[in-house]
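Participant: Have a look at this one.
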Number of protein chains: 2
Amino acid sequence: MGCARARRAYDSAVTFRGSVRERRPHRFRRGIRLHPAQTVVVGFAAAVIVGTLLLWLPPMTLEPGGTSFIDALFTATSAVCVTGLTVVDTELHWSPLGHVVIMLLIQLGGLGIMIFASLIGLVLARKMSVRSRLNTAAEAKAVGYDDVRGLVRGIVLISFAIEGLTWLFLFPRFLFGYDYSPADAAWHALFHSVSSFNNAGFALYSDNMIDFVADPFICIPMSVAIILGGLGFPVIMQLRKEFTRPLHWSMNTKLVLWGTIVLLVGGTAYLAIAEWDNEGTFGPLAPGAKLLAAFFMSTQTRTAGFNSIDVGQMHDESWVVMDVLMFIGGGPAGTAGGIKVTTFAVLFFILMTEFRGEGAVNIFGKRLSRAVHRQAITVALVAVGAVMAAIILLMHLTKLDLDLVAFEAVSAFATVGLSTGITGDLPPTAQLILVVLMFLGRIGLLTLGSAIALRDKRILYELPKERPAIG
Amino acid sequence: MGCARARRAYDSAVTFRGSVRERRPHRFRRGIRLHPAQTVVVGFAAAVIVGTLLLWLPPMTLEPGGTSFIDALFTATSAVCVTGLTVVDTELHWSPLGHVVIMLLIQLGGLGIMIFASLIGLVLARKMSVRSRLNTAAEAKAVGYDDVRGLVRGIVLISFAIEGLTWLFLFPRFLFGYDYSPADAAWHALFHSVSSFNNAGFALYSDNMIDFVADPFICIPMSVAIILGGLGFPVIMQLRKEFTRPLHWSMNTKLVLWGTIVLLVGGTAYLAIAEWDNEGTFGPLAPGAKLLAAFFMSTQTRTAGFNSIDVGQMHDESWVVMDVLMFIGGGPAGTAGGIKVTTFAVLFFILMTEFRGEGAVNIFGKRLSRAVHRQAITVALVAVGAVMAAIILLMHLTKLDLDLVAFEAVSAFATVGLSTGITGDLPPTAQLILVVLMFLGRIGLLTLGSAIALRDKRILYELPKERPAIG
Ligand SMILES: [K+]
Ligand SMILES: [K+]
């Protein structure tokens with residue numbers, strides 16, 4: 001799109017939120033203005049609080065007696081942050097009304113993240129265009145929409161469309177394959193479609209998706225929805241518009257696609273080989289089902305968090321590999337968590353550039369913006385720091401082994417929701433740490449990245465430089 | 001020093017090795033030339049091989065029967081890389097002659113690393129001076145010597161001087177405090193002085209330094225030698241010459257000093273609090289001895305690797321904290337391992353800069369060279385990658401828990417030598433992985449950093465830039 005359209009798009013963006021401004025706003029002039037990063041923190045906190053209060057109500061539970069506050073808080077945070085960690089049995093604890101609330105919180109959380117992250121992209125594209133008019137067209141194309149109303153509408157439509165398609169695959173399977181009543185089949189298909197596309201990982205079964213481990217008609221549609229949600233909105237939009245013109249794809253699209261393929265295939269291969277004979281996981285399955293389960297579980301690290309096998313029975317080295325995969329997560333501006341495939345890819349390409357001794361980081365024929373280097377390091381370091389601090393705290397509080405605690409912390413921070421099974425038995429203090437970790441992992445990383453990217457950095461003068469020794 | 005002197009220093013540097021050249025050498029013109037990074041790899045590999053063959057000889061063991069090849073290889077690598085991990089009982093397995101060989105390998109390894117790393121600094125200073133004549137003086141001062149012969153002589157003299165001073169404290173204590181014969185006291189004082197300053201962590205006692213846990217006359221002199229060795233040669237030289245003029249200190253000196261103080265004090269405080277009542281470690285000690293032991297153990301993560309308590313009895317969250325401390329390690333161009341305090345500090349300051357929204361990373365009133373950003377990321381990422389890969393491999397090979405394996409892998413890679421006690425019982429394949437890890441951690445990281453720093457990066461043209469979304 002041209003500069004005029006970009007300007008209109010930006011103007012809509014700043015009008016829409018009343019807060020997205022190019023410069024950091026003066027907070028005490030004309031009342032309190034929120035930085036966009038603050039807006040999203042407040043918004044998500046409000047959603048968590050409302051969700052907690054709703055889930056706390058007695059009618060939300062199947063048995064009378066209601067839910068403890070900490071369980072309601074944990075479940076609401078887990079739903080809004082689309083994590084999927086659970087402290088109560090989702091099938092047996094919550095009433096159908098509770099399930100509906102959880103599903104709505106998931107949908108709200110997923111849409112909220114996608115819309116906010118995409119808005120940031122829009123403003124960034126505008127900022128870029130102010131600085132160097134050359135790249136406006138490419139940048140705007142990467143963002144993939146023209147104005148804010150169109151953006152929000154696009155995200156909602158795409159979400160519902162993919163969820164609807166997933167529903168079309170799941171509904172007949174539940175109806176004919178499992179003899180559900182039409183209403184039950186429709187509801188189960190809807191809940192799991194929403195939970196899949198939004199990478200939430202909540203399932204309506206006590207043992208998550210273990211009963212469906214060998215059923216490709218359930219596992220494959222869910223995996224596709226998970227992967228699409230994990231690619232992120234900008235990538236989905238670009239694929240929709242320019243699927244046949246890969247040369248036009250933005251660096252973001254290429255990084256996310258390549259990264260996702262490498263991680264999915266690598267994860268599938270590793271899990272298939274490592275768990276092939278494990279009697280607690282893939283051992284009892286037929287070869288085809290082993291491969292399906294390996295693919296399904298590899299997909300979950302992108303960061304949906306369903307499980308079709310008992311994660312607690314996996315080899316502990318598989319947990320470590322999954323820790324790495326979950327930590328990386330999915331694509332930006334999508335429903336997946338983690339530090340993001342792009343962050344990992346940027347760090348990887350910085351490494352390759354240093355190995356090759358080149359001066360600039362060039363990826364797919366484009367130079368990587370230098371501001372992105374420090375942004376990627378910052379996100380990765382903050383993530384490592386948060387996870388390490390949580391691990392040490394959780395070990396103090398629980399006396400559990402490092403492998404269990406590390407898996408739980410990474411799963412919470414990357415909003416995956418897989419667990420070795422310790423979540424429900426943790427003391428409330430440890431569960432609160434997980435609540436904070438889920439919120440930080442979902443909202444913190446995004447707002448951190450955005451705040452950094454949106455900030456106006458003017459270098460007024462430079463000090464003389466010096467280099468300490470490294471390594 | 002002026003430019004003429006810098007040029008002379010550089011000329012000596014290139015003459016000295018016959019291989020240190022400003023550009024990457026053409027390898028097949030005028031015979032094979034080794035890159036300085038290759039020189040050091042070949043040199044250390046040769047030292048390991050000679051050490052292995054020596055330790056393999058029957059006279060090196062106390063009992064007849066000699067040493068297995070893998071044990072000789074492991075011990076030689078551990079000594080040359082000044083790691084200190086052991087697969088046999090150092091006191092009971094080796095003969096006095098074996099102890100002498102181990103001590104000489106330690107001395108050789110420590111000197112080799114310091115000399116090579118400082119030479120790199122010298123060449124870097126020269127390169128910097130070619131590019132921007134402004135900083136020559138400061139850079140050269142940071143390196144702290146004038147020519148290569150003087151550099152080597154300086155390193156050897158400083159090493160022997162500090163080892164000698166440590167000996168002067170240890171000798172009377174062994175003589176009068178423990179009733180050793182004068183010859184025994186002299187030998188034990190010598191061995192432990194060398195092992196301390198070179199951050200090797202080998203001790204002449206079956207349970208390392210546990211018998212001396214409450215003896216400040218042993219623990220303090222050894223800790224001082226360890227810390228000095230861990231500061232690195234450039235820092236020692238600058239402190240010696242300009243101790244009273246902190247404003248003249250280089251960024252390297254300031255980063256190493258501040259980082260070391262923060263890590264030492266933080267580690268001491270954490271260990272004292274966490275292990276205070278642990279009956280397996282500090283529990284039975286008097287309060288003063290608890291503090292001494294906490295300080296001594298905190299010092300060991302800088303990366304000497306002696307132990308005055310049973311590491312295997314520590315809380316497993318203390319292991320995780322020590323993993324972090326060991327991974328960071330000590331100062332560059334010294335005898336310590338790890339990714340180095342400077343690397344960690346640079347990453348920390350990059351983070352702070354992003355948080356503050358500033359355009360350039362300014363540390364102590366100087367701007368951090370941008371090339372150092374990517375260098376620090378590269379070193380940290382390679383280290384994380386190597387340790388993670390080793391952890392997953394070791395878990396496959398040993399079926400041991402993550403906490404034990406992670407501690408062992410970090411200890412080997414950061415050349416610390418602390419262990420929860422599993423080293424000797426590992427299968428030979430796992431021990432071979434540790435051998436590779438020790439070599440990589442000591443030689444690999446240094447040569448990687450040097451190769452990157454020494455490389456001539458000429459940016460001939462720049463591609464149009466693009467920024468993917470991060471986080
Ligand atoms: K999830
Ligand atoms: K050591």
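The values are calculated or read from the model by the stated rules, or taken from the named source; none is laboratory data. None of these values were measured; they are calculated from a predicted model. Heads up, the Cβs are rebuilt from the backbone with ideal geometry, glycines too, and the neighbour counts pull from every protein chain shown. These accessible areas exclude ligands, DNA and RNA; they are computed on the full protein's heavy atoms, side chains included. Shrake-Rupley method; radii C 1.70, N 1.55, O 1.52, S 1.80 Å.
Participant: Which residues in the range B:357-377 place their backbone N less than 11 Å from a point set 7 Å from the Cα of residue B:242 along the Cα-to-Cβ direction?
Facilitator: Nothing falls inside the zone, counting backbone N under 11 Å.
Participant: For the pair residue A:364 and residue B:186, what calculated FRET efficiency results from E = 1/(1 + (r/R0)^6), where r is the Cβ-Cβ distance and R0 = 60 Å, to the nearest 0.05?
Facilitator: 0.40
Participant: State to the nearest 20 debye the size of the charge dipole of the range B:3-454 about its Cα centre, where the only charges are +1 on K and R beta carbons and -1 on D and E beta carbons.
Facilitator: Dipole magnitude for the range B:3-454 comes out near 3700 debye.
Participant: Answer with one residue from B:76, B:331, B:321: the one whose Cα lies farthest towards the positive end of the charge dipole of the range B:3-454, charges on Cβ with Lys, Arg +1 and Asp, Glu -1.
Facilitator: In the range B:3-454, that residue is B:331.
Participant: For label points placed 7 Å from Cα toward Cβ, what is the shortest-first list of nm distances from residue B:207 to its copies?
Facilitator: Result for residue B:207, in nm, nearest copy first: 4.8.
Participant: Report, for residue A:160, each distance to the same residue's label point in the other copies, shortest first and in nm; define the point 7 Å along Cα→Cβ.
Facilitator: Label point to label point, same position, other copies: 8.4 nm.
Participant: Considering only C-alpha atoms, what is the centroid distance from the range B:172-228 to the range A:332-373, in Å?
Facilitator: If we compute the Cα centre of each part, the gap is 49 Å.
Participant: Between residue B:211 and residue A:92, with labels modelled 7 Å along Cα→Cβ, what's the label distance in nm to one decimal, could you check?
Facilitator: The two pseudo-label positions are separated by 6.0 nm.
Participant: Got the residue B:172 label distances to the other copies yet, label 7 Å along Cα→Cβ, in nm, shortest first?
Facilitator: List, nearest first: 9.3 nm.
Participant: Using only Cα positions of the range A:3-454, each an equal point scatterer, no hydration layer, compute I(q)/I(0) via Debye at q = 0.06, 0.09, 0.12, 0.14 Å⁻¹ and quote the log10 values to two decimals.
Facilitator: Result of the Debye calculation: -0.24, -0.56, -1.01, -1.37.
Participant: Let me ask something additional. Just the projected area, averaged over all directions, of the convex hull on the alpha carbon atoms of the range B:177-217: how many nm²?
Facilitator: 3.1 nm²
Participant: Further question: For Cα pairs less than 8 Å apart in space and 6+ apart in sequence, what is the mean separation divided by the residue count of the range A:201-316, i.e. the relative contact order in percent?
Facilitator: Relative contact order for the range A:201-316 comes out at 40 percent.
Participant: Enter the accessible area per residue of the range B:3-454 (Å², integer; probe 1.4 Å; all protein chains in place).
Facilitator: In whole numbers, the range B:3-454 has 36 Å² accessible per residue.
Participant: Ignoring ligands, DNA and RNA, how much accessible area is buried between chains A and B, both sides summed, with a 1.4 Å probe, to the nearest 100 Å²?
Facilitator: For A against B, buried area totals roughly 7500 Å².
Participant: With a 1.4 Å probe and all protein chains left in place, how much of the accessible area of the range B:3-454 comes from carbon and sulfur atoms, in whole percent?
Facilitator: Result for the range B:3-454: 68 percent of the exposed heavy-atom area is carbon or sulfur.
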